[in-house]
1. Here are some conditions: (1) small (Gly, Ala, Ser); (2) part of a loop (DSSP other than H, G, I, E, B); (3) closer than 20 Å to Leu115 by Cα. Gly216 meets all but one. Which one does it not meet?
2. Any residue in the range 178-205 that's surrounded by 15 or more Cβ atoms within 10 Å (Cβ to Cβ): show its pairings with residues that are among the aromatic types (Phe, Trp, Tyr) at Cβ separation under 6 Å, as long as the two are six or more apart or on different chains.
3. Return the residue satisfying two criteria in turn: it lies in the range 89-148 and is more than 23 Å from Leu44 (Cβ to Cβ) and assigned to a strand (DSSP E or B), and of such residues it is nearest to the chain's Cα centre (by Cα).
4. I need the full set of residues from the range 158-171 which are free of Cβ contacts under 8 Å to residues at least 12 places away in the same chain and either buried (at least 16 other Cβ atoms within 10 Å of the Cβ) or part of a loop (DSSP other than H, G, I, E, B) (or both), in order please.
5. Which of the numbered conditions does Gly59 fail, given that it passes all the others? Conditions: (1) free of Cβ contacts under 8 Å to residues at least 60 places away in the same chain; (2) under 30 Å from His248 (Cα atoms); (3) not charged (D, E, K, R).
6. Can you spot a residue in the range 8-25 that is surrounded by 23 or more Cβ atoms within 10 Å (Cβ to Cβ) and touching a helix residue (DSSP H, G or I) at 6+ places or on another chain (Cβ under 7 Å)?
Amino acid sequence: MSQLTTAHVGDVAARQLSAGSGEKLVFLHGASGLPQWNSFFAALAQRYEVLVPEHPGFGATAAPRSMRNIADMAMYYLDYLESFGQERVHLVGHSLGGWIAAEAACRNLSNVKSLTLMAPAGIRIKGMPIGDNFIWSVEETVRNLVVDQKLADAMLSREPTEEEADLLIANRYMATRLGWEPRWLNLALESWLHRIKTPTHIIWGDSDRLFPAAYGERWRALITGSKLTIVERCGHLPHVEHPDATAHDIVSFLQSSALNGAAK
């Protein structure tokens, strides 16, 4: 089980889930906010100290006025990583969190031992449109994010409490602030991804309706030496739809990198 703690970065006091011991593994969540702790995180916590901070402006974590865009969020997480001193961490990001992780890694890799990007936002392929989750209904969003519609049924059947509904509104507001215009895109990002020179693993669902799987190959081509894993029968949420297999893929990559010395 995880515990809910507080991460202090400058004037921000962010909620944070944590569990496990060993090398630190930091997971940056997507636009839906602080995730539910599931077998994906539990499997990672068997080998690593897993930290899942809530982004400023999401859920119950207030954002300073200076948090205007993705660049600000990337700088915030560089401060967060520097709070660990000389310790280098395994940085994992999903969707919006993957975008933030990539933006941070382009700027400074001093505290990053490895990078794992799960279906990150941030780039665009000409002629390859992405899904528009800003106009999807709640049901459309859930059904479009996963392949397994029984899982979608289960997710939709759960009514949020009043407190959870308020947190969801905060998530929606901040996600819109960061990704609305242009949609989930930094036009300059492709030009800087060559700066990422740490072992990098890209994970993508083969049936992702938000960011098609072809984007995985584009990210692989833009980050020299990166590895691409395509998860079969999977949408935009590999860690939710295939939690155990996705955790295994991440651990295998991190262990192989450590064994051949690439992540040292």
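1. Condition not satisfied by Gly216: (2).
2. That search, which allows pairs on different chains as well, returns His201/Phe253; Ile202/Trp219.
3. Filtering the range 89-148 for residues that are more than 23 Å from Leu44 (Cβ to Cβ) and assigned to a strand (DSSP E or B), the one nearest to the chain's Cα centre (by Cα) comes out as Gly122.
4. Once the filter is applied, which keeps residues that are free of Cβ contacts under 8 Å to residues at least 12 places away in the same chain and either buried (at least 16 other Cβ atoms within 10 Å of the Cβ) or part of a loop (DSSP other than H, G, I, E, B) (or both), the range 158-171 yields Arg158, Glu159, Pro160, Thr161.
5. Tallying (1) free of Cβ contacts under 8 Å to residues at least 60 places away in the same chain; (2) under 30 Å from His248 (Cα atoms); (3) not charged (D, E, K, R), Gly59 fails exactly one: (1).
6. Checked against the condition, which is being surrounded by 23 or more Cβ atoms within 10 Å (Cβ to Cβ) and touching a helix residue (DSSP H, G or I) at 6+ places or on another chain (Cβ under 7 Å), the range 8-25 yields at least one hit.
Read-outs throughout are calculated quantities, based only on the coordinates presented, and are distinct from any laboratory measurement. Model, not experiment: these values are computed from the prediction. Positions of Cβ are generated from backbone atoms using ideal geometry, with glycine treated the same way; all protein chains shown enter the neighbour counts.
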